[in-house]
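**Student:** Take a look at this one; I'll ask things after.
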Amino acid sequence: MPGQKLAPSILSADFARLGDEVTAVTPEADLLHVDVMDGHFVPNLTIGPPVVASLRRHTRLFLDCHLMIDNPGELLADFADAGADRCIVHVELGDPRPLFEELRARKVQVGLALSPETPFAAAAPYLTDIDLLLIMSVHPGFGGQQFLAEVLDKVRAARQVIDRDQLPVEIEIDGGVHTATAPLAASAGVDILVAGSAIFGAPDPVAAARALREAAWPTAA
Ligand code: DX5
Ligand code: ZN
């Protein structure tokens, strides 16, 4: 049975009040999604290891670091030292196995991400090496974009293989997740919903997170 986890993405938080924003959503957060962008792999620039280190001192939440950067190999040690619990690298950069080896050696969980136009087949050879498959449902780079429902076919394909082979791999979806799209992702077999603007863009982030969870995985009344 899929994991039913919610990962607020701090990309849409107020960075000047980051600690308070994280504290506010903690009751409804199973993990915290941290978007790292370098202005090269994506046309946006966000945060790096020093902010991860600050978050690590502030929260016990699992830090799920999504690396949208050209040179992850040069920075994995810094993210590990900063306290990242998982680093997610993009398959579009080429053979990720050396990165996986470095992460394993540093006791950091391994994630692999697929941009919307990248087929599931690009990730399939690595499913036995990873802890998490991240399926992007928007083009990486910015929060607040529209959910691309066509990626749900990849979620279903991944769910089938992971269940068939009983692989210990979670499926995460990232981008455009709100109360209308969360149920689609959940029924396709996603374990972890990432949501930025739907949570931190709402007047009451914790209520918004709760609403998202209920929309995705309704509890019996
Ligand atoms: C986009 C990031 C997402 C982003 C999603 O490149 O990877 O994690 O925060 O934002 P929303 O939920 O607003 O689409
Ligand atoms: Zn992300």
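The values are calculated or read from the model by the stated rules, or taken from the named source; none is laboratory data. It should be emphasised that the depicted structure is a prediction, and the values quoted were computed from it without experimental measurement. Counting neighbours? That spans all protein chains shown, and the Cβs are built from the backbone with ideal geometry, glycine included.
**Student:** Residues in the range 36-46: is at least one within 15 Å of ligand 2 (Cβ to nearest atom), in contact with a Cys (Cβ under 9 Å, 6 or more places away or on another chain) and part of a helix (DSSP H, G or I)?
**Tutor:** Checked the range 36-46: no residue is within 15 Å of ligand 2 (Cβ to nearest atom), in contact with a Cys (Cβ under 9 Å, 6 or more places away or on another chain) and part of a helix (DSSP H, G or I).
**Student:** Starting from the range 23-44, keep only residues that are among the hydroxyl-bearing types (Ser, Thr, Tyr), then list their pairs with residues that are away from ligand 2 (no atom under 14 Å from the Cβ) and at pLDDT 95 or above whose Cβ atoms are within a distance under 8 Å, requiring at least 6 positions of separation or different chains.
**Tutor:** Short answer, once both residue conditions are applied: THR23/HIS58; THR23/THR59; THR26/THR59; THR26/LEU61.
**Student:** Here are some residues: GLY73, GLY144. Which one is more than 16 Å from ligand 1 (Cβ to nearest atom) and not polar (S, T, N, Q)?
**Tutor:** The unique qualifying residue is GLY73.
**Student:** Farther than 16 Å from MET37 by Cα, among the polar types (S, T, N, Q) and in contact with a strand residue (DSSP E or B) (Cβ under 6 Å, 6 or more places away or on another chain): which single residue out of SER115, SER137 fits that description?
**Tutor:** Checking each option against the conditions leaves just SER137.
**Student:** So which residues in the range 8-21 are without any contact (Cβ under 8 Å) to a residue 12 or more places away in the chain and under 15 Å from CYS65 (Cα atoms), if there are any at all?
**Tutor:** None; the set is empty.
**Student:** So is PRO27 under 26 Å from ALA185 (Cβ atoms) and modelled with pLDDT of 95 or more or not? First the steps, then the outcome.
**Tutor:** On the way: under 26 Å from ALA185 (Cβ atoms): yes; modelled with pLDDT of 95 or more: yes.
Criteria met by PRO27.
**Student:** Going by the structure shown, is THR179 farther than 19 Å from MET68 by Cβ, within 16 Å of ligand 1 (Cβ to nearest atom) and over 17 Å from the mean Cα position of the chain (by Cα)?
**Tutor:** yes
Residues are listed down the side, and each one gets a yes or a no for (1) among the hydrophobic types (A, V, I, L, M, F, W, C); (2) surrounded by 20 or more Cβ atoms within 10 Å (Cβ to Cβ); (3) in contact (Cβ under 8 Å) with a residue 24 or more places away in the chain; (4) touching a His at 6+ places or on another chain (Cβ under 9 Å):
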| position | (1), (2), (3), (4) |
| --- | --- |
| LEU6 | yes, yes, yes, no |
| PRO50 | no, no, yes, no |
| PRO96 | no, yes, yes, yes |
| ARG106 | no, no, yes, no |
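**Student:** Would the range 65-82 turn up any residue that is touching a Lys or Arg at 6+ places or on another chain (Cβ under 8 Å), away from ligand 2 (no atom under 15 Å from the Cβ), over 30 Å from GLN166 (Cα atoms) and without any contact (Cβ under 8 Å) to a residue 40 or more places away in the chain? If you could, list the steps in order and put the result at the bottom.
**Tutor:** So the first thing to find is which residues in the range 65-82 are touching a Lys or Arg at 6+ places or on another chain (Cβ under 8 Å), and the list is 65, 76-77, 80, 82.
Filter once more, so that each one left must be away from ligand 2 (no atom under 15 Å from the Cβ): 76-77, 80, 82.
Imposing the further condition that a residue be over 30 Å from GLN166 (Cα atoms) reduces the set to 77, 82.
With without any contact (Cβ under 8 Å) to a residue 40 or more places away in the chain added as a condition, the list becomes 77, 82.
Yes, there is a match, as at least one residue in the range 65-82 is touching a Lys or Arg at 6+ places or on another chain (Cβ under 8 Å), away from ligand 2 (no atom under 15 Å from the Cβ), over 30 Å from GLN166 (Cα atoms) and without any contact (Cβ under 8 Å) to a residue 40 or more places away in the chain.
**Student:** In the range 156-171, is there at least one residue being away from ligand 2 (no atom under 14 Å from the Cβ) and of a type in the set (Gly, Ala, Ser)?
**Tutor:** Within the range 156-171, one or more residues are away from ligand 2 (no atom under 14 Å from the Cβ) and of a type in the set (Gly, Ala, Ser).
**Student:** Here's a check for you: in the range 27-48, which residue that is of a type outside the set (A, V, I, L, M) and either exposed (fewer than 15 other Cβ atoms within 10 Å of the Cβ) or at positive phi (or both) is nearest to ligand 1 (Cβ to nearest atom)?
**Tutor:** PRO43
**Student:** Applying the selection to the range 184-221, what residues are assigned to a helix (DSSP H, G or I), within 20 Å of PRO116 (Cβ to Cβ) and of a type outside the set (A, V, I, L, M)?
**Tutor:** SER187, SER197
To keep it simple, each residue is scored yes or no on (1) more than 16 Å from HIS33 (Cα to Cα); (2) small (Gly, Ala, Ser); (3) surrounded by fewer than 23 Cβ atoms within 10 Å (Cβ to Cβ); (4) touching a residue at least 12 places away in the same chain (Cβ under 8 Å).
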{"position": "LEU127", "(1), (2), (3), (4)": "yes, no, yes, yes"}
{"position": "VAL151", "(1), (2), (3), (4)": "yes, no, no, yes"}
{"position": "GLU172", "(1), (2), (3), (4)": "no, no, no, yes"}
{"position": "LEU184", "(1), (2), (3), (4)": "yes, no, yes, yes"}
{"position": "VAL206", "(1), (2), (3), (4)": "no, no, yes, yes"}
